[in-house]
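Notes follow the structure.
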Ligand SMILES: [Zn+2]
């Protein structure tokens, strides 16, 4: 009831056309085409970050509490990268661990959620319906210190320096021998992902892959 009341007072508006009803209307959604891309042998992205609506939707998810957009992106990632695993995975029941890349503590406190966590949860939920064994570890990767936002670091070296040893791992033994998939919203130079991998590797996962919304 409270939710209905809030929606009445503050109706959901589309990030594309501002029409009320949903955070991304069907018409605008149709203009976003996916562009699956392998950025390395272990990293894949689904959308083109230069697409204005993709950029705007990710911005709204991060800075305007549009949590529903995280679900939208999570589902899109699921359909593209996970659905095909269904057959194989339900046969051998290998558990896959999803680890969202954490945002700054301050940002999480402000918006009330970690956006990559929302995306990872949506992937896991969709997988559950298909019998996939996906588990999200929301608190395994934690920020040891607050770094400047990666967009503010200009060069590749600056970006690498900015995230150096920024992550600590909690309960790392839970990923021993498992396939780990890091989930993040945007990858540019890949410095953050590289650092996250470096923090997780000593815990001996079988492999670490990365899936991001956009590049
Ligand atoms: Zn729209």
Restricting to segment 118-127, what's the tally of residues that are touching a residue at least 60 places away in the same chain (Cβ under 8 Å) and farther than 8 Å from residue 70 by Cβ?
2
Every residue in segment 91-115 that is within 18 Å of residue 170 (Cβ to Cβ) and crowded, with 17+ Cβ neighbours inside 10 Å, please.
97, 98, 99, 100, 101, 102, 103, 114
Pairs please, first residue from segment 20-34 and at negative phi, second anywhere and more than 9 Å from the ligand (Cβ to nearest atom) and in a loop (DSSP other than H, G, I, E, B), Cβ atoms under 6 Å, 6+ apart in sequence or on different chains.
20/11; 22/12; 23/12; 23/66
Selection over segment 15-50 where residues are part of a loop (DSSP other than H, G, I, E, B), within 14 Å of the ligand (Cβ to nearest atom) and farther than 19 Å from residue 118 by Cα yields a count of 7
So residue 156 clears everything in (1) over 20 Å from the mean Cα position of the chain (by Cα); (2) more than 20 Å from residue 39 (Cα to Cα) except one condition, right? Which one?
(2)
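Laboratory data are not the source of any read-out in this text; all were calculated from the coordinates shown. Just so it is clear, the structure is predicted and the values come from calculations on it, not from any experiment. Cβ coordinates were reconstructed from backbone atoms using ideal geometry, including for glycine residues, and neighbour counts include every protein chain displayed.
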